[in-house]
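Comments concern the structure below.
The values are calculated or read from the model by the stated rules, or taken from the named source; none is laboratory data. Everything quoted here is computed from the prediction, not taken from an experiment. We place every Cβ from the backbone using ideal geometry, glycine too, and count neighbours over all the protein chains shown. Heads up: the accessible areas ignore ligands, DNA and RNA and are worked out on the full protein's heavy atoms, side chains in. Shrake-Rupley method; radii C 1.70, N 1.55, O 1.52, S 1.80 Å.
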2 protein chains.
Amino acid sequence: MPNPTAAMLVIGDEILSGRTRDANTHHLAGELTKHGIDLKEVRVVSDDAPAIEAAVKALSDGFDHVFTSGGIGPTHDDITADCIARAFGDHIDIRADARALLEAHYAKTGLELNAARLRMARIPDSATLIDNPVSTAPGFTIRNVHVMAGVPSVFQAMVASILPTLTGGEPLLSQTLRIDRGEGDIAATLTQLAADFPDLTIGCYPFQINGAFGANVVVRGTDGARIDAAVTRLARETAQ
Amino acid sequence: MPNPTAAMLVIGDEILSGRTRDANTHHLAGELTKHGIDLKEVRVVSDDAPAIEAAVKALSDGFDHVFTSGGIGPTHDDITADCIARAFGDHIDIRADARALLEAHYAKTGLELNAARLRMARIPDSATLIDNPVSTAPGFTIRNVHVMAGVPSVFQAMVASILPTLTGGEPLLSQTLRIDRGEGDIAATLTQLAADFPDLTIGCYPFQINGAFGANVVVRGTDGARIDAAVTRLARETAQ
């Protein structure tokens with residue numbers, strides 16, 4: 001059975017303007033690979049309601065899981081929860097269970113649970129909450145979409161909360177062979193290898209160090225013995 | 001007149017598996033912002049022909065410019081050029097002008113211009129070449145799509161080649177104000193500021209340092225005096 005598929009949706013003007021470098025995609029990609037869920041697509045869209053709604057719908061239809069990052073805080077530019085409720089035609093308002101979490105948290109910290117902070121308890125009726133051990137305000141899952149915060153420490157904690165609840169497939173294994181030859185020299189060898197190992201994917205990533213060309217060849221698949229066999233053959237055939 | 005819009009398409013399994021962290025998006029985002037072109041969407045797709053073709057078509061239809069990164073080298077997993085030709089119904093083969101560039105380059109280096117390396121001269125009939133001062137093998141522009149390499153040094157050189165040829169708009173200016181209060185405390189102030197300065201976008205990016213909460217508020221727009229006015233008012237209203 002093929003592994004479940006996933007897409008990531010990053011929401012935020014700050015990524016698109018170049019102010020902030022997105023770190024959440026790289027983290028999620030690594031975690032999903034370990035869990036046997038294949039990340040197939042990433043999209044980054046701005047804090048724009050029609051763009052968010054269209055992307056959520058398209059990715060929810062196209063993949064088994066969608067993970068979103070960003071736009072669920074207390075300020076005016078945090079519009080993700082409302083957009084996702086609208087995308088699925090669900091009702092959204094301050095929900096008692098999320099409000100109770102925030103009340104307990106702010107009672108401890110002594111900060112005021114004002115109207116802005118209460119926005120973080122806006123959860124669609126049909127959603128289930130995602131635990132946030134870092135800063136309490138929850139994420140949520142609606143249908144196959146997991147809605148999480150953009151702050152990396154919170155995003156990572158939410159991924160750790162949700163991932164064990166999702167059925168994974170076979171973890172994707174990989175081995176990397178560094179070859180100190182230009183990739184144009186080894187391309188024919190790689191083409192034949194890919195044809196002989198159709199169950200593996202073989203990627204070639206060139207580099208240049210001090211003027212010398214080389215390539216890292218990454219062999220990926222779910223069967224470790226097959227990967228061993230391919231890498232052993234590749235090392236033999238590209239030895240100089 | 002609104003600024004031209006753009007999308008970025010990153011092609012590569014290595015990003016989606018978590019092996020490699022994409023660096024090209026962040027570079028392009030900063031360059032486009034300086035040039036007055038608004039980056040509106042980013043997509044990352046795998047080395048999969050239908051996924052590449054569908055994404056190129058959708059983004060080409062939706063935005064003034066599309067910039068792609070990855071998949072134009074000499075190996076079997078470099079399928080971008082052929083996919084993009086197919087997406088636009090154009091014929092593709094080894095083209096004389098691109099071949100001449102490679103011949104001159106490999107004659108100098110003493111490396112063989114073999115069949116694999118000649119794949120880098122596969123250019124759609126209707127495309128114009130993008131100069132590659134780093135490693136010669138050119139990118140190309142077809143319609144509104146600029147097809148570039150994934151290796152960051154080459155990608156950056158190609159962006160520098162192409163960007164001066166594109167009509168930009170007004171550069172997006174920004175100022176950042178660091179406020180050492182939780183974003184829930186300043187949210188109401190920001191909402192009112194955003195309403196009073198509809199020509200600016202106001203983003204709030206929370207952080208936590210040694211247990212203390214704060215937020216960077218970023219005010220963006222094309223009129224420096226308006227940004228000054230908004231930031232001055234914000235500093236006054238959030239002073240403690």
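Key figures
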read-out: Theoretical gain in end-to-end length, residue B:96 to residue B:240 [0.36 nm per residue, Cα-Cα removed]; value: 45.0 nm
read-out: Label point 7 Å beyond Cα of residue A:180 along Cβ direction - residues of the range A:211-240 with amide nitrogen under 12 Å; value: A:212-215, A:240
read-out: Residue-normalised accessible area of the protein assembly as shown, expressed per residue, 1.4 Å probe, Å²; value: 42
read-out: Shortest-first nm distances, residue A:104 label point to equivalent points in other copies (7 Å, Cα→Cβ); value: 7.1
read-out: Viscosity 0.692 mPa s, 37 °C: Kirkwood-radius Stokes-Einstein D of the protein assembly as shown over Cα pairs, µm²/s; value: 137
read-out: Net charge contributed by nearby residues that have their C-beta within less than 9 Å of residue B:59 (K/R +1, D/E -1); value: 0
read-out: Label point distance in nm, residue B:233-residue B:21, each placed 7 Å from Cα along Cα→Cβ; value: 3.8
read-out: Rg/Rg_ref, the range B:173-238, where Rg_ref = 2.2 N^0.38 Å and atoms are Cα; value: 1.06
read-out: Residue A:114-residue B:134 FRET efficiency (beta carbon distance; Förster radius 60 Å; 0.05 resolution); value: 0.65
read-out: Cα gyration tensor shape for the range B:1-60, rounded if a/c is under 1.5, else prolate or oblate; value: oblate
read-out: Angle between chain A longest axis and helix A:183-196 axis [Cα atoms, degrees, rounded to 10]; value: 80
read-out: Dipole moment magnitude, nearest 20 debye, the range B:5-165 about Cα centre, only Lys, Arg, Asp, Glu C-beta charged; value: 240
read-out: Leading residue at positive end of dipole, chain B (Cβ point charges), from B:214, B:66, B:6; value: B:214
read-out: The range A:58-104 versus the range A:202-240: alpha-carbon centroid distance in Å; value: 43
read-out: Rg to Rh, two decimals, where the range B:5-165 supplies the alpha carbon set and Rh follows Kirkwood; value: 0.94
read-out: Sum of side-chain charges, residue B:19 neighbourhood, beta-carbon under 14 Å (Lys, Arg +1; Asp, Glu -1); value: -3
read-out: Residue-count net charge about residue A:238 - beta-carbon cut-off 9 Å; Lys, Arg +1, Asp, Glu -1; value: 0
read-out: Sequence-distant lysines (8 or more away, or on other chains) whose Cα lies within less than 22 Å of residue B:57; value: A:40, A:57, B:40
read-out: Neighbouring partner chain Cβ atoms per residue of A:51-59, average, 10 Å criterion; value: 1
read-out: Across the identical copies, how the residue B:170 labels are spaced - nm, sorted shortest first, 7 Å along Cα→Cβ; value: 5.8
read-out: Axis-proximal residue, chain B, for the rotation superposing B on A (Cβ, Å); value: B:43, 3
read-out: Label point 7 Å beyond Cα along the C-beta direction, distances from residue A:236 to other copies (nm, shortest first); value: 7.9
